[in-house]
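To keep things clear, I will list the structure first and then write my remarks on it.
The values are calculated or read from the model by the stated rules, or taken from the named source; none is laboratory data. Predicted, not measured: the structure shown is a model, and the values here were computed from it. As a convention, Cβ positions derive from the backbone with ideal geometry for all residues, glycine included, and neighbour counts pool all protein chains shown.
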Amino acid sequence: MTAVSPHKKEPYERMSEPMATLSAFAAMVKKEFIIQLRYPVEFVASFAQIFLIVVVLTLAGLMFAPDGVQSESSSDVTGLVVYGFVLFIYLSDTLWSVGFNVRREQKQGTLEQLYLSPASKFAALASRVALTLLWTGLLSIGAAVLMSSMLGELPFHNGPLALYILLMTLSGTFGTGFAFAALTLRIKEAANTAVNLLQFGFMVFCAPFFPFAALPEPMLWIAKAIPLSYGVDAFRSTLMGYPNGFPELAPIGVELGIVTLFGVAMPLLGFWLYRKAENQARRRGSLSEY
Amino acid sequence: MTIPVRIENLQKTYQTKKRQGLFKSSVRQVDALKGVSLEIERGEIFGLLGPNGAGKTTLIKILTTLLLPTNGRAFINGFELTKQDDAIRATVGCMLMGERGLYWKLTGRENLVFFGALYHLPPAARARRADSVIERLNLGEYADRPVETYSSGQKMKLAFAKALINDAPLLILDEPTNTLDLPSARELRAVVRELNQQGKTVIYTTHIMAEAETLCNRVAIIDRGEVIAQGTVPALKESIGQETVIKLEGVIPTQASTAVASLHGITRSAITSVNGHNQLTVVTPNQTAVLPQLIQTLSGHGAILQKITPEEVTLEDVFIAHTGRTLAEDTAQ
């Protein structure tokens, strides 16, 4: 049987790969941006909210600086809190935004429309995080400036290595986000409950706001079993210049290995899980269930 | 030349879970499609008719790659379903779910340009194509307003415009005139006819038999997951043989319509409610012989008849002849 070639017979030309995927990706990001701008109150409030959280955390962080804000130990505390917070908002947004966006499209009925088109599903998932990462980047810079103005100068060492750790951790988290999106397709609204549970789990076991030393021994073992913990530890330890006792979970070489493996393997695993959930939804007819 | 749609023994079984307490659940199987086979020729407007829940949308969703079949094969524009899904998606324009498939915070034009990008149109071509579709469907007046401000009919027209954005050789339209007023529905059907004259193949699902009669070259009637009849409209009407139809209106109690069903010389009968009256449709090979007997039986069971009309066979009558039910009755259920 001869296949019809849409490229030859139609008056409207088509882009070929990889431009087609990149262009679809850009269109999806633009669409998200326009929609965000049309909820101006929510848009502004989400920025303001982050800065208020920063102030609360900074003031709480001051309690751990016994010698005042200008001492050396306070600089470590500042670094711990600031970098932990930056990583937390990055990871948190990356982790949940994919699944939440998939669910939102499913509820409003547009998810099926995306599946009617030949656009790349990977690009569709990635576009949901791209804008979030951009805003989070801007917020992180703003938050870092605000916190250092309140707590004093931030320790800043090994910028390129810290950037590598950030990117690998984000990549791994992105993959975990795919897996969460797969779960969202399966359990729908119950995913919100799962998010609440996991978010607090992340805040406790990955210790973004306090040192791992604060965790009791059994909880520390759980923390050590989560790859994300090594990302948090390696990122802030590297930026702080490895002060005494840091990194806390393993030597930096081991942590880098774990973070790299997490960053490479998790997106593949997450996307594989998502495609499995997607096929199951296509079998059950639940892509448009809301 | 490639046949646009070839379907071989397509089956779809859903498994639905029913909760029984906190931990127990029972699984029920629902056969939504029971071995559907069809061929749709290039340049046809092919109607899929049937009451709600007959399996039309399930079939459409399978053909548009949204659902995976349980068994069977299908080829769309020469590409095999489940093996070449992206190629199928690129060559099909779909209108499913009506207004729910749009981004309500975007304007109509922004929606069209966005979907153009998903079909891999270059940026300039997206804008040109959106302009051309907006002009063709007279959407210009509101194309630059957010969709959330549209009326239901305007949203449906935009959903139809979206199906045209990729200029695909095959259009699949699932109940496209739902929620449209009569002039808008007529206008939409005129556009479908025009697109068909330009060479596009169209699959058109509806539960309105009159719509199918006026628009479609061929139709398949689907009921409870099976194609119960297919062919051109005249052929389908002839398929119920030399039979004729009598429509009786008035106050017709259930026992009267039940008694009619068992009369000698009546092939099928079905009752429905029209404008507060009952309408009994009777299919019979011998109108003259049956009519006196029919009136006597109905009157004997308390029916008050107001109008008796021998009528030309319609697709609705074909449906009744095959199923013993009216389409309106099934759709309402």
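One line per residue, one yes/no per condition, for (1) among the small types (Gly, Ala, Ser); (2) in contact (Cβ under 8 Å) with a residue 40 or more places away in the chain; (3) part of a strand (DSSP E or B); (4) within 27 Å of B:Lys307 (Cβ to Cβ):
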residue: B:Ala210; (1), (2), (3), (4): yes, yes, no, yes
residue: B:Thr214; (1), (2), (3), (4): no, no, no, yes
residue: B:Val219; (1), (2), (3), (4): no, yes, yes, no
residue: B:Ile222; (1), (2), (3), (4): no, yes, yes, no
residue: B:Ala229; (1), (2), (3), (4): yes, yes, yes, no
residue: B:Leu236; (1), (2), (3), (4): no, yes, no, yes
residue: B:Ile240; (1), (2), (3), (4): no, yes, no, yes
residue: B:Val245; (1), (2), (3), (4): no, yes, yes, yes
residue: B:Glu249; (1), (2), (3), (4): no, yes, yes, yes
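Which of the residues belonging to segment B:151-178 are assigned to a helix (DSSP H, G or I) and either at pLDDT below 90 or of a type in the set (A, V, I, L, M) (or both)?
Residues satisfying the conditions are B:Ser152, B:Gly153, B:Met156, B:Leu158, B:Ala159, B:Ala161, B:Ala163, B:Leu164.
Filter segment B:193-208 for residues that are surrounded by fewer than 21 Cβ atoms within 10 Å (Cβ to Cβ) and among the aliphatic types (A, V, I, L, M); which is nearest to the other protein chains (Cβ to nearest Cβ)?
If we take residues in segment B:193-208 being surrounded by fewer than 21 Cβ atoms within 10 Å (Cβ to Cβ) and among the aliphatic types (A, V, I, L, M), then B:Leu195 is nearest to the other protein chains (Cβ to nearest Cβ).
Just checking, which of A:Pro227, A:Pro243, A:Pro247 is within 19 Å of the chain's Cα centre (by Cα) and surrounded by 13 or more Cβ atoms within 10 Å (Cβ to Cβ)?
Details: A:Pro243 fails: within 19 Å of the chain's Cα centre (by Cα); A:Pro247 fails: within 19 Å of the chain's Cα centre (by Cα).
A:Pro227 is the lone residue from the list that is within 19 Å of the chain's Cα centre (by Cα) and surrounded by 13 or more Cβ atoms within 10 Å (Cβ to Cβ).
Pull out all pairs, ordered by first then second residue, where Cβ-Cβ is under 7 Å, the residues are six or more apart or on different chains, the first lies in segment B:81-96 and is without any contact (Cβ under 8 Å) to a residue 40 or more places away in the chain, and the second is of a type in the set (Gly, Ala, Ser) and crowded, with 19+ Cβ neighbours inside 10 Å.
Once the first residue is without any contact (Cβ under 8 Å) to a residue 40 or more places away in the chain and sits in segment B:81-96, its partners that are of a type in the set (Gly, Ala, Ser) and crowded, with 19+ Cβ neighbours inside 10 Å give B:Leu81/B:Ala74; B:Arg89/A:Ser117.
Can you name the residue in segment A:32-45 that is without any contact (Cβ under 8 Å) to a residue 40 or more places away in the chain and in contact with a Leu (Cβ under 9 Å, 6 or more places away or on another chain) and, of all such residues, is farthest from B:Tyr103 (Cα to Cα)? Explain how you work it out, then say what you get.
Of segment A:32-45, the ones without any contact (Cβ under 8 Å) to a residue 40 or more places away in the chain are A:34-35, A:37-45.
Filter once more, so that each one left must be in contact with a Leu (Cβ under 9 Å, 6 or more places away or on another chain): A:34-35, A:38, A:43.
Values: A:Ile34: 11, A:Ile35: 9, A:Arg38: 12, A:Phe43: 18 Å.
The residue in question is A:Phe43.
I need the full set of residues from segment B:107-119 which are facing chain A (nearest Cβ under 7 Å) and of a type in the set (Lys, Arg), in order please.
Correct list: empty.
Does segment B:273-285 contain at least one residue that is closer than 30 Å to B:Thr13 by Cα and in a strand (DSSP E or B)? Before you say what the answer is, go through the steps one by one.
First pass over segment B:273-285, keeping only residues closer than 30 Å to B:Thr13 by Cα: none.
No, every residue in segment B:273-285 fails to be closer than 30 Å to B:Thr13 by Cα and in a strand (DSSP E or B).
Looking at segment B:76-110, which of its residues are among the hydrophobic types (A, V, I, L, M, F, W, C) and more than 21 Å from the chain's Cα centre (by Cα)? Lay out the reasoning, then the answer.
Taking segment B:76-110 and keeping what is among the hydrophobic types (A, V, I, L, M, F, W, C), we get B:76, B:79, B:81, B:87-88, B:90, B:92, B:94-97, B:102, B:104, B:106.
If the condition is that a residue be among the hydrophobic types (A, V, I, L, M, F, W, C) and more than 21 Å from the chain's Cα centre (by Cα), then B:Phe79, B:Leu81, B:Ala87, B:Ile88, B:Ala90, B:Leu102, B:Trp104, B:Leu106 are the ones that fit.
Can you pull out the residues in segment B:228-246 that are crowded, with 16+ Cβ neighbours inside 10 Å and within 28 Å of B:Arg186 (Cβ to Cβ)?
Correct list: B:Ala229, B:Gln230, B:Val233, B:Leu236, B:Lys237, B:Val245.
Looking at (1) in a helix (DSSP H, G or I); (2) touching a residue at least 12 places away in the same chain (Cβ under 8 Å); (3) of a type outside the set (A, V, I, L, M, F, W, C), can you tell me which one A:Pro155 breaks?
Only one criterion is unmet by A:Pro155, namely (1).
Listed here are the residues, each with its yes/no results for (1) crowded, with 21+ Cβ neighbours inside 10 Å; (2) within 11 Å of chain A (Cβ to nearest Cβ); (3) on the phi > 0 side of the Ramachandran plot.
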| position | (1), (2), (3) |
| --- | --- |
| B:Gly101 | yes, yes, no |
| B:Lys105 | no, yes, no |
| B:Leu121 | yes, yes, no |
| B:Asn138 | no, no, yes |
| B:Ala143 | yes, no, no |
| B:Ser151 | no, no, no |
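Scan segment B:153-192 residue by residue and report those that are among the small types (Gly, Ala, Ser) and within 14 Å of chain A (Cβ to nearest Cβ).
Step one: list which residues in segment B:153-192 are among the small types (Gly, Ala, Ser), which gives B:153, B:159, B:161, B:163, B:168, B:184-185, B:190.
Those that are among the small types (Gly, Ala, Ser) and within 14 Å of chain A (Cβ to nearest Cβ): B:Ala159, B:Ala161, B:Ala163, B:Ala168.
State which residue is farthest from B:Leu164 (Cα to Cα) when the search covers only segment B:72-92 and only residues that are in a strand (DSSP E or B) and more than 9 Å from chain A (Cβ to nearest Cβ).
At the first step, the residues of segment B:72-92 found to be in a strand (DSSP E or B) are B:72-76, B:79-80, B:92.
Filter again for more than 9 Å from chain A (Cβ to nearest Cβ), leaving B:72-74, B:76.
Values: B:Gly72: 29, B:Arg73: 26, B:Ala74: 23, B:Ile76: 17 Å.
Checked segment B:72-92; the qualifying residue farthest from B:Leu164 (Cα to Cα) is B:Gly72.
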